Each structure stands twice: as C-alpha cells, then as structure tokens.
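The values are calculated or read from the model by the stated rules, or taken from the named source; none is laboratory data. Here the structure is a predicted model, which means the values were calculated and not measured. Please note: Cβ atoms are built from the backbone with ideal geometry, for glycine as well, and neighbour counts cover all protein chains shown. These accessible areas exclude ligands, DNA and RNA; they are computed on the full protein's heavy atoms, side chains included. Shrake-Rupley method; radii C 1.70, N 1.55, O 1.52, S 1.80 Å.
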Amino acid sequence: MTGTALILGASGKFGSHSARALEASGWKIRRFDRRQDDVNQAALGADIIVNGLNPPNYKNWATDVPRITAMAISAAKASGATLIVPGNVYPFGANAGEWDDTALHRPTSRKGKIRAELEATYKVAANEGVRTILIRPGDFIDVAATGTWIDLVLAKNIAKGQFSYPGNSTIPHAWAYLPDIGRAVAMLADKRSELAQFGDISFPGYTLTGNEIQHMMEKAIGRPLQTKSFPWWFVQLASPFWELGGELLEMRYLWNTSHSLSAAKFNRLLPDFVPTKVETAIASALPANIKPN
C-alpha cells in the first residue's frame, strides 16, 4: 500500500531518512517548503504526512513545538492523511526502566513537559479523526555529522584517539539508527489502516552502555581510545551566555538514568523488520576522516 507522502522537515534527521525510505518503497514524495507553501494546500491529496519539523538546538521550544504540532494536525484534518510523528523519551523523566506505551508520563524537565503536552495534543486529534502514528526512538545514530551526540561528543575527538561520554559509561542508554527508523516509518505507513487511531510505538533500536559503544568504535578503527569525561563543568559555566548549554544541562539526567525501549509492540506489528547490526550502525556514524577497518 503506497501513495503520496508529504514530508514536513524533509531536510532534518527524521524527515530526510523517512523520505528516503518511503521513496525507496514506492511512495511519491512531496517535500513541504514552509517559505513558499501553505501546509493545508500542500497536504491535499496526501495519504500520509510525516512531521519531521523540530526547532533546532531546542530554540523557542515552548512556542514553536505547539505551533508546529497545530500546523501538522491542521494539514491532516484538511487532507484526511495519516500523521506520522517522532516521539522521544523525555516524557518519562528520570524513572529508570524499560519504557513502552504503558509507561507513565512523569517528566522531570521543562522539555519533557512540552513533549508530554505535544503527545496529549496528538491523542486529542486522533480522537477527532486524525489517525496518528507516533514512533518513539532513543538518541539518534546517523550516517553523517548531523548534530547527534555521537558526532558532537562521543566521536568528536576520535581522530586524536579520544572517546568522550556525557554520563556514567556503565548505564544502559537507548539509541536508534536513523536509516532503520526510516524503514520502520515506511513499513508502518503501509500498515496504517490496521493500526489503532493513535499508535504509540516504541522503536527498540539498541540499548548500549558507553563502554560498549567505545569498544565498538575501537574495533571499527582498529586501535584503543583514551576515555575522556565530558566537561559538564564548562557547560555549566557557559550556560548563562550559551543558550544551548543550558538546554543540554536540563537533559543531563538521561545519561545517568538506565533505560531502554520495549521491542514487544514493535516486533508484533513489524515481525519482518530486520535491524541493522549495531556494529555497522556505530561504524557508519564515525567521522568521515576516520576509516573503519
């Protein structure tokens, strides 16, 4: 089952990988240009709308996230299209465990509260007739330097033989390979008529400690890496003058909260999905000037 997909935020991480996978699956892709297009008009004739829009660097989240959400819902109502949106782990707060669609939303950060409110808004829209698929991944692993934690921190100084980690390197953390997320989006889009009116689907991805990631990076490049602690003290010092620093500090707790995303519902819905090997995903995220073995 294919058709026309309108991609909001087609140049972003989630949007670009979703568009690529949908196109490879036979979907006709329509990319929304917010500088020129009216989103409701652009959505006419679309079968699905992928909302990959997100304010960069957490800027103006309190105002822009609700605005983007309302825009996507309006377009879906105007066109009758199914919405596909990315969730994240922020609504669960600092409550360690394996998270799924039954886990309580108990956000412990401002951004967590914003994301919880966003999801509540999508649920209301679903009850009003907008079929919505929310796919919830962990931290992104990308095939290029797109501003993920891996290229900004973990592997930033790998050419110098250094590995940095922003938390306790023995605590499990949820990760998701973006090309795999894109493939999952395409597969869920094909099954949309079989899903609940509001589908809250955890994307299991990989559950990895910092030590495990370091080991895989060392294996990929064929040499050991010196472990360096992330300079949170500097982020704290700079945060009054560096907006992003303050936003990162707010989410520091996630690096010291053991968590994973349940595979049960995802595997039940997409039993034929074959994830990329974790070693392949980690190696593909290394800087372009580092050549894996």
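At a threshold of 8 angstrom on Cα-Cα distance, excluding pairs fewer than six apart, so keeping six or more, what relative contact order does the chain reach in percent?
In percent, rounded to a whole number, it is 21.
Keeping all protein chains in place, calculate the accessible area per residue for the chain (probe 1.4 angstrom), answer in Å².
The answer is 45 Å² per residue.
What percent antiparallel are the DSSP beta bridges of the chain, to the nearest 5?
The antiparallel fraction comes to roughly 10 percent.
Residue-wise, which Karplus ³J(HN,Hα) couplings in Hz belong to the stretch 206-218, taking 6.51 cos²θ - 1.76 cosθ + 1.60, θ = phi - 60°, and x for glycine or proline?
Once θ is set to phi - 60°, the couplings for the stretch 206-218 become 10, 10, 9, 8, x, 4, 5, 5, 4, 4, 5, 5, 4 Hz.
As a test of the definition: which semi-axes, in Å, follow for the stretch 95-145 when you take the square root of five times each eigenvalue of its alpha carbon gyration tensor? Largest first, please.
After scaling each eigenvalue by five and taking roots: 22, 17, 12 Å.
Please state, as a whole number in µm²/s, the translational diffusion coefficient that the Stokes-Einstein equation yields for the chain at 20 °C and 1.002 mPa s, with Rh defined as the Kirkwood radius across alpha carbon pairs.
109
Could you work out the local net charge near Arg34, counting Lys and Arg as +1, Asp and Glu as -1, over the other residues with Cβ closer than 13 Å to its Cβ?
-1
Rounded if a/c is under 1.5, else prolate if a/b beats b/c, else oblate: with a ≥ b ≥ c from the C-alpha gyration tensor eigenvalues square-rooted, which is the stretch 1-83?
oblate
Provide the per-residue ³J(HN,Hα) series for the stretch 184-191, in order, calculated from phi with Karplus coefficients 6.51, -1.76, 1.60 and θ = phi - 60°, each as a whole number of Hz, with x at glycine and proline positions.
For the stretch 184-191, the Karplus curve yields 5, 4, 4, 5, 5, 4, 5, 9 Hz.
Check Asp200: other-chain or 5+ apart residues with amide H under 5 Å from its amide H, H built from backbone geometry?
Leu134
Is the shape of the stretch 236-289 best called rounded, prolate or oblate, per the rule: a/c under 1.5 gives rounded, else a/b larger than b/c gives prolate, else oblate, with a ≥ b ≥ c the square roots of the Cα gyration tensor eigenvalues?
It is oblate, given that a/c is not under 1.5 and a/b is not larger than b/c.
Can you list residues whose amide H is under 5 Å from Thr227's amide H, if they're 5+ apart or on another chain and H is modeled 1.01 Å from N?
Phe163
For the stretch 160-293, just say rounded, prolate or oblate: build the C-alpha gyration tensor, square-root its eigenvalues into a ≥ b ≥ c, call rounded for a/c under 1.5, and beyond that prolate if a/b exceeds b/c, oblate if not.
It comes out oblate by the Cα gyration axes.
Using only Cα atoms, locate the centre of the stretch 226-293 and the centre of the stretch 185-225, then give the distance between them in Å, rounded to an integer.
If we compute the Cα centre of each part, the gap is 11 Å.
So which trypsin sites (Lys or Arg not before Pro) in the stretch 111-204 end up in coil per DSSP with only 16 or fewer other C-beta atoms within 10 Å?
Answer in residue order: Lys191.
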